[in-house]
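These notes concern the structure reproduced below.
Bear in mind that the values in this text are calculations on the coordinates, not laboratory data. Bear in mind the structure is a predicted one, so any value in this text is a computation, not a measurement. Note that we place each Cβ from the backbone using ideal geometry, even for glycine, and neighbour counts take in every protein chain shown.
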Amino acid sequence: MPRKKKTEEVIEVKEKVEEVTAAKPAAKATRTAVKETVKVQFGADEFDLAAIKEAVKADYKAKVKEKVKTVEIYIKPEDKAAYYVVNSSFTDKVDL
């Protein structure tokens, strides 16, 4: 069998790479994103973390007029409240 020229070998390698690359998007399309839910339970109460974050966001958007750079949320289930600090200066709470 005659030896292949380097250009033929390069073409074969490129074709194989293209085949593998073409197959990858199909594999990625079959993956599904994981849906995560975080809940805080305290006694008989249960609080959804995503709902708390949305409530805090709605509250500070209505009250804080400056650009929001940082938000810290502290959940106190025993108080049934989420306390928050915006930009290390504005503080308030949201009842759960």
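General observations
- Residue order, fewest to most surrounding Cβ atoms within 10 angstrom, among TYR83, TYR74, TYR60: TYR74, TYR83, TYR60
- Net charge in the neighbourhood of ASP45 (other residues with Cβ under 13 Å of its Cβ; Lys, Arg +1, Asp, Glu -1) is -2.
- P(r) tail for the range 39-95: Cα pairs beyond 13 Å make up 57% of the total.
- Compared with the direct C-alpha span, the chain from ARG31 to ASP48 gains 3.5 nm at full extension, assuming 0.36 nm per residue.
- Cβ-based exposure ranking for VAL34, VAL56, in which fewest neighbours within 10 Å come first: VAL34, VAL56
- Charge tally in the Cβ shell below 14 Å around VAL86, where Lys, Arg are +1 and Asp, Glu are -1, VAL86 excluded: +4
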